[in-house]
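Step one of this worksheet: look at the structure below.
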Amino acid sequence: MGVMVMRKRDTIVLLMAGIVLLAGCQKTGPFGGKSAVSFTAVSNVGTKTAYSGVETEEGSRKYERIDWKQGDLIRVWSDVAVHRYNKEQHWSDYIVTADGIANKRISTASLAAQNLNNVPGDGTGNGLVWGPIGSYTFHAVYPAQEIVASTNGREVTTSCVIPDTQQITFVKGIGKPDMSHAYMEATATATTTIEGEGVPVTLPFKPAFTAFEITLRSASETLYLDSFSIQSEGGSPVAGSFSIVFGHATDLFQPVSGSTQSQVTIPLNDTELSATADLKFTVLALPETFSDLSITFNVKTDPTATTYLPRTLQLKQDGEYIRFGQCIKHRLYGLALSAETWKVLAITGEDLEWDEEVWGENIIWEEL
């Protein structure tokens, strides 16, 4: 096994902006003139939140912005606030009314309540309303889906799935993942001093997934890629079902026993890989820390052949598997693939992370 080239990497911090829940107008409903977290509605929207590709530098750090997109749908749950037209309902769906306003590394968007079940009006003033004086907790998830509270109200969760087979869409050599599985979660608190009224609430969204951005090209001849996979050599969960448990001092994610897989596969359907142009794509994984990963490409040189050759690279540093932190976008590039073996040209790597923790100094790849 030959040791490949290494280089110190930068750290890129990915930020998702807080969503501002605007204190609403007065609108008469079953609970009188109480102020709502006020919004307007479009239903059955797609999930379009996306990496911006825009990077900025502040000091020694880099930042890549995540942009909110018009039509993004978010669910918000509260322990005290209830829906204006259903006092038993402690949640409401909210929709991003316009693309996020970008300011360097932050994208901020306002929300509007979705008009569900043909409630009176156009949706303005619907959604959660302020109630009694006191403290409120809000939990939110993107994309919008069920948020469940335990009977004693002490544990609030939502169920998520990272598929073990993922489809990506290539545009000019860049493969984009299905962002409907790029989960994000937020928790915020507020205190009211006047019954039925409250101040704007900002939800500081954070990712609830781990991502790997892979960039490579052929070492020489044109290759045809059947598939890519990233897997745990020890069988640890990489994809499958997990729960987000809200309200803890640190993020708590729980894989569902018996419903996880140790590999994520991306079909590439004979995608051409040349020596003159990079191929780049992103794969999503569970919000876990990984310490035993490898990646595999199934390749062939003859487009008419039916047999593919697997080429696997263990992700190691100084002979030890690299520790990839959870809820971080890891960028791996400089890979050059041949039909016979790996050839690595100035291998480099970057962490794209949302917190301040920096791990390691270098990345070293080993040839198999």
Checklist entry - Just for segment 307-334: of the residues that are part of a strand (DSSP E or B) and basic (Lys, Arg), which one is nearest to Asp226 (Cα to Cα)? => result Arg311
Checklist entry - Limited to segment 225-272, what total is found for residues that are surrounded by fewer than 17 Cβ atoms within 10 Å (Cβ to Cβ) and charged (D, E, K, R)? => result 3
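Would segment 339-362 turn up any residue that is of a type in the set (Val, Ile, Thr), closer than 17 Å to Ala219 by Cβ, assigned to a strand (DSSP E or B) and at pLDDT 80 or above?
So the first thing to find is which residues in segment 339-362 are of a type in the set (Val, Ile, Thr), and the list is 341, 344, 347-348, 358.
After this cut, where a residue has to be closer than 17 Å to Ala219 by Cβ as well, the list is 341, 344, 347-348.
Checking the rest, the ones that are also assigned to a strand (DSSP E or B) come to 344, 347-348.
Next, only the ones that are at pLDDT 80 or above stay: none.
Checked segment 339-362: no residue is of a type in the set (Val, Ile, Thr), closer than 17 Å to Ala219 by Cβ, assigned to a strand (DSSP E or B) and at pLDDT 80 or above.
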Next on the checklist: Anything in segment 260-303 that is within 18 Å of Gly235 (Cβ to Cβ), touching a residue at least 40 places away in the same chain (Cβ under 8 Å), part of a strand (DSSP E or B) and not aromatic (Phe, Trp, Tyr)? List them, or say none.
Outcome noted: Gln261, Gln263, Val264, Thr265, Ala285, Leu293, Ser294, Ile295, Thr296
Next on the checklist: Looking at the structure I just gave you, is Lys206 charged (D, E, K, R) and surrounded by 16 or more Cβ atoms within 10 Å (Cβ to Cβ)?
Outcome noted: yes
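Every residue, every condition in (1) charged (D, E, K, R); (2) under 22 Å from the mean Cα position of the chain (by Cα); (3) under 25 Å from Leu337 (Cα atoms), yes or no:
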| site | (1), (2), (3) |
| --- | --- |
| Ala182 | no, yes, no |
| Thr192 | no, no, no |
| Arg217 | yes, no, yes |
| Ser229 | no, yes, yes |
| Glu233 | yes, no, yes |
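The values are calculated or read from the model by the stated rules, or taken from the named source; none is laboratory data. Source: prediction; values computed, not measured. Quick reminder, even Gly has a Cβ in these numbers, built from the backbone with ideal geometry, and neighbours come from all protein chains shown.
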